[in-house]
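Here's the structure, in structure tokens; my notes come after.
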Amino acid sequence: MIARIWSGASRLYWLLIPFSLLYGAVTAVIRYSYRTGWRRSWRAPLPVVVVGNLTAGGNGKTPLVIWFVEQLQRQGYRVGVVSRGYGGKAERYPLVVDASVSTAQAGDEPVLIYQRTGAALAVSPSRRDAIEALLARQSLDVIVTDDGLQHYALARDIEIVVVDGERRFGNGWWLPAGPMRERAARLHSVDAIVVNGGQPQSGEIAMHLQPGNAVNVLTGETCPVAALTESVAMAGIGHPPRFFATLRAQGASVVREVTFADHQTYVPEAIQALTEDNQQPLLMTEKDAVKFSAFAQANWWYLPVDAQLAEPGASILLDKIMSLLPSPRP
């Protein structure tokens, strides 16, 4: 239902417009307070790159964060990542993520980014606290923030917005009547717009998510998705239809699709009950799989995806970021 409301297919969004106007007014006042100096942004002692979005849910932001971290690491830079840690609840913040930290503490996206990149990573409602926690432990060259476009308490050097190329901005309304955190005019002030799927517009950088082989959650074994027959597919992400469409495009044999809420807290028994006798393959996203390491089953598989950015926009954007950084280590 929420997808129909946000897309404009359902007129029920009119009932939510008063709340959206209040949301828009509050966010406008917050941003204005920082622009006029009523409130001060904290500037980190190293460059900060913000990867965020204007809409709620499922734009491909996390794969893009991973792409930036890996690209900069390959150039020899020491990259730190900070995140709000949605879906997690730590006993205290900031929380520096390591191999012992669970998704229940840090949230699924930070744990996924850490497992993929090994980058220094901390979560906190205050991005400043997260950055200071990382710098207290080691020297870094650059900070990449996972989300945080609207976190104006942190000054930034580069702003990158990820846009879902198929859904774009839906009906254009602020939350909750529409998907917008800020209006589309905000794009005029960012450094780059990366469009995931669909047809990019002039000046935007095209991105697509390239799937790999399926990976067994328990053993790490890999195989082509098409080799897993009569599978059940599940997704607890911002936009599950994108994942299901990717499986179909890879030739997956899926007999049932099951959708969960983004940042869902799972009960092991409920996931096990999705398949027959723990034999039928269960296909999931990598973001879901990081939650299941403690109770993974042999018939559970995830599909990793990697962000691929079109040239020359990708190189131009990376060069812009690296122009702010010191010379990388040998």
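Every residue, every condition in (1) within 14 Å of V144 (Cβ to Cβ); (2) touching a helix residue (DSSP H, G or I) at 6+ places or on another chain (Cβ under 9 Å), yes or no:
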{"residue": "T36", "(1), (2)": "no, no"}
{"residue": "L46", "(1), (2)": "yes, yes"}
{"residue": "K61", "(1), (2)": "yes, yes"}
{"residue": "V81", "(1), (2)": "yes, yes"}
{"residue": "Y86", "(1), (2)": "no, yes"}
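Can you name every residue in segment 1-39 that is of a type in the set (K, R) and within 27 Å of the chain's Cα centre (by Cα)?
R4, R31, R35
Looking only at residues that are open to solvent by less than 60 Å² (accessible area, probe 1.4 Å) and of a type in the set (A, V, I, L, M) in segment 10-27, which one is nearest to P241 (Cα to Cα)?
Result: L16.
In segment 258-304, what count of residues is obtained for those that are assigned to a helix (DSSP H, G or I), buried (at least 17 other Cβ atoms within 10 Å of the Cβ) and of a type in the set (A, V, I, L, M, F, W, C)?
Going through segment 258-304 one residue at a time, the tally reaches 2.
Can you name every residue in segment 218-235 that is aliphatic (A, V, I, L, M) and open to solvent by 30 Å² or more (accessible area, probe 1.4 Å)?
L218, A226, A227
Which one of G118, G58 is modelled with pLDDT of 95 or more and of a type in the set (G, A, S)?
G118 is the lone residue from the list that is modelled with pLDDT of 95 or more and of a type in the set (G, A, S).
For segment 100-124, how many residues are in contact with a Pro (Cβ under 9 Å, 6 or more places away or on another chain) and either more than 14 Å from F68 (Cβ to Cβ) or free of Cβ contacts under 8 Å to residues at least 24 places away in the same chain (or both)?
Within segment 100-124, residues that are in contact with a Pro (Cβ under 9 Å, 6 or more places away or on another chain) and either more than 14 Å from F68 (Cβ to Cβ) or free of Cβ contacts under 8 Å to residues at least 24 places away in the same chain (or both) number 5.
Among (1) open to solvent by 30 Å² or more (accessible area, probe 1.4 Å); (2) part of a loop (DSSP other than H, G, I, E, B); (3) in contact with a helix residue (DSSP H, G or I) (Cβ under 9 Å, 6 or more places away or on another chain); (4) not β-branched (V, I, T), there is one condition S139 misses while meeting the rest; what is its number?
With respect to (1) open to solvent by 30 Å² or more (accessible area, probe 1.4 Å); (2) part of a loop (DSSP other than H, G, I, E, B); (3) in contact with a helix residue (DSSP H, G or I) (Cβ under 9 Å, 6 or more places away or on another chain); (4) not β-branched (V, I, T), S139 is out only on (3).
The values are calculated or read from the model by the stated rules, or taken from the named source; none is laboratory data. Remember, it's a predicted structure, so these values are computed and weren't measured experimentally. Please note: Cβ atoms are built from the backbone with ideal geometry, for glycine as well, and neighbour counts cover all protein chains shown. Quick note on the areas: whole protein, heavy atoms, side chains included, nothing else; ligands and nucleic acids left out. Shrake-Rupley method; radii C 1.70, N 1.55, O 1.52, S 1.80 Å.
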